[in-house]
Amino acid sequence: MPGHKIKLLKKETVAKGTMAFHFEKPAEFVFVPGQYADLAIINPKETDREGNIRTFTIASAPGEKDLVFATRMRDTAFKRELDRMPEGTAIEMDGPYGSFTLHAKKEKPAVFIAGGIGITPFMSILTSAAEEKLNRKFFLFYSNRTENDAAFLRELSGLTAEIPDFTFVPIMSEREGYLNEKTIRKYVENIDGPIYYLAGPPGMVAAMRKMLAGMDIPEDDIRFEEFAGY
Ligand SMILES: Cc1cc2nc3c(=O)[nH]c(=O)nc-3n(C[C@H](O)[C@H](O)[C@H](O)COP(=O)(O)OP(=O)(O)OC[C@H]3O[C@@H](n4cnc5c(N)ncnc54)[C@H](O)[C@@H]3O)c2cc1C
């Protein structure tokens, strides 16, 4: 297994109850935006039924200096350990894994649908698209309860100026309700053309898959990553 010991550089709050953890990136570590890694706490003071390993998507882009992971800080042993971890502490990382990465056919637009912390793969893909000035069409529908719950809102708005063709649609469910077919049709002119990417809690992913199936989007054009554990 491709294992690395990586050191915590800094932690920051990026939304209500949500933190980003910056780690040192090993020189030889290569990943594709959208991939994830397994993080293991070394010698934890406490652990629980789920153990001392969790899976997190890499939220930073390959061109960035640090490796960044972002998570909702719930009251579990693993997250309590992360919360009190001093800077400079090493953890074990296995990865990268996964194929939730951008499709090869450049002419096909990408429609990203994120629920809450499901934004992490799209942060990596879009930051990388900005760095590389990718001449491709992107849409992002990003659902949260309120603005306070939405991680990386400012960064994502900033990316609209850096990516040549990027439509960003934040949705605050407390005010507007859940993302629906009407909103997708309002922004995506030809709904049959794109590849759709869904990421977030399993319940949200299931609801969005059902909605897209109801819109007759071919199954082959829908990719999803379920953040099991939410
Ligand atoms: C590919 C992938 C990428 C992910 N990326 C991120 C990310 O970027 N950020 C992020 O915050 N989270 C991500 N997750 C989810 C993450 O791994 C944790 O499960 C989540 O953060 C909850 O952890 P916890 O310690 O709060 O709760 P946990 O203690 O892990 O679990 C809470 C509850 O969920 C149940 N549960 C745990 N694991 C599973 C499972 N595999 N299937 C079904 N039920 C389960 C437990 O039994 C428990 O009831 C990702 C998951 C996957 C699979």
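The values are calculated or read from the model by the stated rules, or taken from the named source; none is laboratory data. These numbers come from a predicted model, not from an experiment. Cβ sites come from the backbone with ideal geometry, for glycine too, and all protein chains shown count toward neighbours. Heads up: the accessible areas ignore ligands, DNA and RNA and are worked out on the full protein's heavy atoms, side chains in. Shrake-Rupley method; radii C 1.70, N 1.55, O 1.52, S 1.80 Å.
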Requested in this report: Could you state how much accessible area Y97 has, in square angstrom rounded to the nearest 10, with a 1.4 Å probe and all protein chains kept in place?
Outcome: 60 Å²
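Leaving out ligands, DNA and RNA, what percent of the accessible area of the chain is carbon and sulfur, probe 1.4 Å? Don't jump to the answer; show the numbers that get you there.
Values: 5600 of 11280 Å².
Here it works out to 50 percent.
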Query raised in the report: What distance in nm separates the simple spin-label points at R175 and R145, each placed 7 Å from Cα in the Cβ direction?
Result: 1.7 nm
Query raised in the report: Can you give me the relative contact order of segment 1-46 as a percent, contacts being Cα pairs under 8 Å and 6 or more apart?
Result: 28 percent
Requested in this report: Might you report the magnitude of the Cβ-based charge dipole of the chain about its Cα centre, with Lys and Arg at +1 and Asp and Glu at -1, to the nearest 20 debye?
Outcome: 300 debye
Report task. Could you state how much accessible area H4 has, in square angstrom rounded to the nearest 10, with a 1.4 Å probe and all protein chains kept in place? Result -> 30 Å²
Requested in this report: Sort D216, D48, D192 from largest to smallest accessible area, using a 1.4 Å probe on the heavy atoms of the protein chains.
Outcome: D216, D192, D48
Query raised in the report: Which distance in nm do the two modelled labels at N43 and K10 give, with both placed 7 Å along the Cα-to-Cβ direction?
Result: 2.8 nm
Query raised in the report: For the charge dipole of segment 82-151, defined by +1 on Lys and Arg C-beta atoms and -1 on Asp and Glu C-beta atoms about the Cα centroid, which residue among S128, S143, A110 has the Cα displaced farthest towards the positive pole?
Result: A110
Query - Sum of -39500 (n - 2.57) over DSSP H runs of 4+, divided by residues of the chain (222 nm, nearest 500) - result: -6500 deg cm²/dmol
Requested in this report: At 1.4 Å probe size, with every protein chain present, just tell me what the per residue accessible area of the chain comes to in Å².
Outcome: 49 Å²
Query raised in the report: Rounded if a/c is under 1.5, else prolate if a/b beats b/c, else oblate: with a ≥ b ≥ c from the C-alpha gyration tensor eigenvalues square-rooted, which is segment 16-148?
Result: prolate
Query raised in the report: So, by mean Cβ neighbours within 10 angstrom, what's the order for 179-186, 128-135 with the highest one leading?
Result: 128-135, 179-186
Query raised in the report: What ranking do 137-143, 152-158, 209-215, 115-121 get when scored by the average of other Cβ atoms within 10 Å per residue, highest first?
Result: 115-121, 137-143, 152-158, 209-215
Query raised in the report: From the Cα gyration tensor of the chain, with a ≥ b ≥ c the square roots of its eigenvalues, which class applies: rounded if a/c is under 1.5, or else prolate if a/b is larger than b/c, or else oblate?
Result: prolate
Report summary line: Contact order relative to length for the chain, counting C-alpha pairs under 8 Å separated by 6 or more residues, stands in percent at 19 percent
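Report the relative contact order of segment 110-226, percent, no decimals, based on alpha-carbon pairs under 8 angstrom and at least 6 residues apart.
30 percent
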Query raised in the report: Where the only charges are on Cβ atoms (+1 Lys, Arg; -1 Asp, Glu), what is the dipole of segment 63-182 about its Cα centre, to the nearest 20 debye?
Result: 380 debye
